[in-house]
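Worksheet: the structure to be examined is printed underneath.
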Amino acid sequence: MSRVEFYRHQLGDEEAASWRRAIGTLFLTLGPQVAAFEQQLGGFLVRGRAGASAPHVVGTSCCTMGLVLALRALDVGPGDEVITTPMTFVSTTNAILHVGAKPKLVDVEPATGLIDPAAVRAAIGPSTVGILPVHLYGQLADMRALRALADPHGLFIIEDSAHGVEIERDGVRPGDLSQAAVFSFYATKNLTSGDGGAVATRDARVADRLRRLRNHGVTKGAADRHGGSYQHWDMVELGYKANLTDLDAALLLPQLPHIEEKRARREAIVRRYESLLRERVPVMAGAPPTVNAVPWMVERRGQSSHHLFTVHTWPGERDAMLARLGAAGIGTAVNYRAIHLLTYLAEALAIPRGALPVAEEMGDRTISLPLYPTLSPGDQDRVVEAVTQAWGELAARRA
Ligand SMILES: Cc1ncc(COP(=O)(O)O)c(C=O)c1O
């Protein structure tokens, strides 16, 4: 029987035609397609808000480099501490480490896995310069609470919004209450060019600095250097080569008008998962709260981008569940094991197991199931069937 893949991208004829058109133009890299995408993504971020001005958007090679550039643009470096979450991909802390600063990890809320504002408050110290929340699975962290904590201390907020551009909570969207929001267009993301990213900021000076930093720290991009007669350029700071390309942007542009419709489709799939699993796996719904009160499904906060659908297994049984689902031909992933327990970060950050108990429990129990707009009801039924069966076997073993 065929596998139910964990993820399938949605790139099709429109994207292929747009990419072919880009090949026929002069610029393959930082050129007019990138500029058009940046402008349209900025417009998307203020959709439905009459008269609102769009943020500046700067296309980057990926979210990780977007985070590095944003930290550099805010002059974060050695001696600085940035508060962030262990329930994320390693990019978040890698970016902080790459600029020479120290990630200060705090625990997450049991109901959502989002950074816990109370833990952030307790962690603010003399070296803290900013907060880096992650909008896990596509739910916005409590940005109003974080902004209120940040302001009296003059802290910046950079949002890791890798999990979506189409996120909203209490009227707040990525980029509304922060110095910068950073997006990913990695292969499995809702909007994708294989690899790619962008930073949205409302600060024009930060945007200028991001543009320079993504391009070696030089004063002119390729289109400025080669359009018309040659002009000299200068290098004024140490930057990176970390721009989005016109070929990436050509793939991304046709996807923008379909973001909401695809989000709605993923939401329908998530609702169906929730109701089928509640009905079919009652033992799961009746799972007793564990020490840290992590529920078996993440609770909703506002409009999620529904990037990932996760369930939390019984403690100690996640890996057995992964093995059974794999054997049944179901693609799965783990988002995430608490990152302070990974070998390098355990050494670099020296945070022992037990220090961040909610994230650790979630990291030990979580499984992500297939979720994408073209997941058919039949394939979804197969996933639910496999989860039900595996759950039953594991429950029998436990009894
Ligand atoms: C939460 C989070 N942050 C950052 C990243 C890094 O994104 P990119 O691969 O675009 O650098 C990812 C990618 O998977 C992610 O899930």
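Compute the length gained on full extension between ALA50 and GLN10: take 0.36 nm times their separation in residues and subtract their Cα-Cα distance, giving the result in nm to one decimal. Walk me through the numbers before you get to the answer.
On the way: separation 40, 0.36 × 40 = 14.40 nm, distance 3.08 nm.
Stretched fully, the ALA50-GLN10 segment lengthens by 11.3 nm.
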Among ALA162, ALA70, ALA36, whose mean-square fluctuation peaks in a Gaussian network model of the chain (Cα, cutoff 10 Å)?
ALA36
What FRET efficiency comes out for ASN94 versus GLU237 if R0 is 22 angstrom and r is the Cβ-Cβ distance? Round to the nearest 0.05.
0.55
Return one whole number: the accessible area per residue of the range 243-348 in Å², for a 1.4 Å probe.
42
Dipole of the chain, positive direction: furthest Cα of LEU342, LEU71, PHE44, with charges on the beta-carbon:
PHE44
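Quick check on the range 50-200: of the DSSP beta bridges with both residues there, what percent are antiparallel, nearest 5%? Can you show the working numbers first?
Details: 10 of 24 bridges.
Once the DSSP bridges in the range 50-200 are tallied, antiparallel ones form about 40 percent.
Can you classify the range 275-399 as rounded, prolate or oblate using the Cα gyration tensor, where a ≥ b ≥ c are the square roots of its eigenvalues, rounded means a/c under 1.5, and otherwise it's prolate if a/b beats b/c and oblate if not? Display every interim value, and only then the final one.
Values: a/c = 1.69, a/b = 1.45, b/c = 1.16.
Prolate, because a/c is 1.5 or more and a/b exceeds b/c.
Rounded, prolate or oblate: which one fits the range 159-242, using the alpha carbon gyration tensor with axes a ≥ b ≥ c (rounded when a/c is under 1.5, else prolate when a/b beats b/c, else oblate)?
Because a/c hits 1.5 or more and a/b exceeds b/c, the range 159-242 counts as prolate.
First check a/c for the range 66-189, with a ≥ b ≥ c the square roots of the eigenvalues of its C-alpha gyration tensor; if it is under 1.5, answer rounded, and if not, answer prolate when a/b is larger than b/c or oblate otherwise.
Cα axes put the range 66-189 in the rounded bin.
Ignoring ligands, DNA and RNA, what percent of the 1.4 Å accessible area of the chain is carbon and sulfur?
Details: 8890 of 16280 Å².
It is 55 percent, rounded to a whole number.
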Distance-filtered residues of the range 125-140 - backbone nitrogen under 18 Å, label point 7 angstrom along VAL334 Cα→Cβ
137
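The values are calculated or read from the model by the stated rules, or taken from the named source; none is laboratory data. Note that this is a predicted model, so its numbers are computed, not measured. Positions of Cβ are backbone-derived with ideal geometry, glycine not excepted, and every protein chain shown enters the neighbour counts. Protein only, heavy atoms only, side chains kept; ligands, DNA and RNA dropped before computing areas. Shrake-Rupley method; radii C 1.70, N 1.55, O 1.52, S 1.80 Å.
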